[in-house]
1. Any idea what angle helix 62-89 forms with the longest principal axis of the chain, computed on alpha-carbon atoms, 0 to 90 degrees, nearest 10?
2. Classify segment 289-362: rounded, prolate or oblate, from the alpha-carbon gyration tensor (a ≥ b ≥ c, eigenvalue square roots; a/c under 1.5 rounded; otherwise prolate if a/b is larger than b/c)?
3. If the convex hull of the alpha-carbon atoms of segment 1-147 is projected onto planes in all directions, what is the mean projected area in square nanometres?
4. Viscosity 0.692 mPa s, temperature 37 °C: give me the Stokes-Einstein translational D for segment 1-56 in µm²/s, with Rh taken as the Kirkwood radius over C-alpha pairs.
5. Roughly how many Å is it from the Cα centre of segment 172-194 to that of segment 363-379, as a whole number?
6. For segment 78-148, what class follows from the C-alpha gyration tensor (a ≥ b ≥ c being the square roots of its eigenvalues): rounded when a/c is under 1.5, otherwise prolate if a/b is larger than b/c, else oblate?
7. If you average the C-alpha positions of segment 258-337 and of segment 80-140 separately, how far apart do those two centres end up, in angstrom?
8. Report the convex hull volume per residue for segment 253-403, counting only C-alpha atoms, in Å³.
């Protein structure tokens with residue numbers, strides 16, 4: 001699969017590594033990194049910090065960069081999965097029984113296979129962002145809170161998708177982690193200034209805010225086709241007369257009713273607020289639950305909500321869901337959580353998010369279902385499954401505690 005993805009990128013010149021290298025070269029030369037496209041006319045949409053990180057790659061031929069990027073992505077994906085699980089359970093992943101390792105790996109990858117393949121096909125940066133975030137969570141588990149905040153902040157500076165973790169740490173009042181987030185954010189913002197100077201760095205960030213961050217908010221109709229599966233894009237498709245997808249040269253829309261752009265923007269902002277409040281609710285409600293639920297279930301919950309918070313979430317971006325799916329597979333197989341609602345939610349999440357691919361239902365139906373929000377629904381069902389599991393596990397813990405307290409007087413009387 002890796003070989004196929006690399007060959008297609010080299011032959012078609014449509015992969016993101018070439019975009020990253022083009023932006024890095026432009027940054028070194030002090031040129032506009034957002035208006036100069038790659039040879040395939042693809043533009044750079046990341047903050048300047050990520051272009052700065054790619055400067056060493058400008059010394060290599062682009063075909064070598066593509067191969068190295070794919071190999072690094074696979075390695076970081078495997079590391080992220082095993083490290084998240086080891087930190088969550090307190091046990092090295094490779095010390096698990098072989099059958100358990102295979103079940104966890106197979107089903108976690110199966111549930112995200114659609115997203116992983118497309119990510120490797122176009123050589124995107126989301127696995128790198130995922131690895132930085134998991135590194136931060138690993139350090140947090142080791143009580144290195146400031147360092148954890150720095151790592152997570154750098155993932156946010158590379159790509160804003162992991163910003164919802166800020167809501168989690170605010171709700172938990174993790175002040176040392178928040179300090180690390182501030183320090184990491186400052187580092188990410190200031191590093192490009194060492195290369196291009198402060199004035200040019202400020203200019204780059206202003207341009208990124210104007211042409212990327214604000215240009216894709218709800219109500220604009222920008223980037224609202226079926227390639228964007230965020231809630232923001234879904235709102236635009238339903239309430240603005242914008243093209244949802246193309247099939248055989250014909251454009252299709254799924255507009256339910258046309259609303260003023262200002263109203264659509266408000267709906268989009270309220271949905272983002274709802275995602276933030278859901279994270280806060282989980283953090284507060286399950287604060288005193290077992291650690292598996294209170295901390296790692298919370299992290300899985302945040303990962304599951306990331307695509308629905310971001311204004312732009314392409315299907316390859318959904319590789320960020322790997323820790324969330326790994327968590328529910330652990331609950332299902334290892335913890336033996338048999339709650340029917342939880343299990344049905346997990347299965348339905350897989351059906352709506354993955355089985356709607358064009359390989360299974362055909363290109364037209366796949367694009368139509370995506371335009372109607374099937375993938376969004378699948379992601380929300382995953383979040384609901386994690387929340388449901390937290391409720392069940394907390395109830396089981398309370399039942400165990402009550403039983404222990406009930407036995408205590410009997411034991412004292414017998415003594």
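Values in this text are rule-based calculations from the coordinates and carry no lab data. If you're wondering where the values come from, they're calculated on a predicted model, not measured in any experiment. Please note: Cβ atoms are built from the backbone with ideal geometry, for glycine as well, and neighbour counts cover all protein chains shown.
1. Value to nearest ten degrees: 20.
2. Working: a/c = 2.63, a/b = 1.35, b/c = 1.95.
It comes out oblate by the Cα gyration axes.
3. 10.2 nm²
4. Values: Rh = 11.6 Å.
Result for D is 284 µm²/s.
5. About 37 Å separates the Cα centre of segment 172-194 from the one of segment 363-379.
6. Because a/c hits 1.5 or more and a/b fails to exceed b/c, segment 78-148 counts as oblate.
7. 17 Å
8. Working: hull volume 18.8 nm³, N = 151.
It is 125 Å³ per residue.
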